[in-house]
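The values are calculated or read from the model by the stated rules, or taken from the named source; none is laboratory data. Not measured: the values here are computed from a predicted model. Cβ atoms come from the backbone with ideal geometry, glycine included; neighbour counts cover every protein chain shown.
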Amino acid sequence: MAAGLLLTVLAGVAVAVVGYRNLGTTPIRSDVLGVTILGGDAVRLRLTVIRDDPARPAVCIVRARSEDGQETGRKEVYVPPAAGPIVLSTVVRTSRPSVTADVYGCSQQVPAYLVPPVSS
C-alpha cells in the first residue's frame, strides 16, 4: 500500500516537472516589428528579443515564407548581450519571391561559429 502511494506521488512529481518545462515561461522570446520585401530574392525582418537574462547572448532563427506558406529562406541571427530588450534587423536571402518573414525560435544555446571573435 505504501509503495503504491509512493509511486503515485513520484509519478505526479514527474508529470509536474515535465509540464513546467514544456508549458512554463520561456527564458527568451521575440516579437516581429516589421517585414520589408526587398524584391524577389530577399526580405528584411526587424525583431525585438527579450530575455530573462539579457547579459547572456542568444541566437534566433528567422525565416522568410512565400504566399503558400512554404519556407523560402532561413538565417541564424546572433543576439549579443545587452542591458535589456534589443532590436535587431537582418536580411534573409530567399530562393523565390516571399510575402512575409517570422521568427522560428530563439535559444540561449549559441553555436560557437556565431560568436564574434574577441578583439584585443
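Looking across the range 77-93, the residues that are surrounded by 15 or more Cβ atoms within 10 Å (Cβ to Cβ) and in a strand (DSSP E or B) come down to V77, Y78, V79, I86, L88, T90, V91, V92.
Can you find, within the range 46-76, the residue that is surrounded by the fewest Cβ atoms within 10 Å (Cβ to Cβ) among those that are under 15 Å from L33 (Cα atoms) and of a type in the set (D, E, K, R)? Ranking the candidates gives R46 first. The set of residues in the range 83-111 being among the small types (G, A, S) and within 24 Å of R29 (Cβ to Cβ) consists of A83, G84, S89, S98, A101, G105, S107.
For the range 94-120, taking the residues that are touching a residue at least 60 places away in the same chain (Cβ under 8 Å) and in a strand (DSSP E or B), the one that is farthest from P57 (Cα to Cα) is identified as T100.
I'd like to know if the range 35-53 contains one or more residues that are outside any loop (DSSP other than H, G, I, E, B), modelled with pLDDT of 95 or more and of a type in the set (D, E). No.
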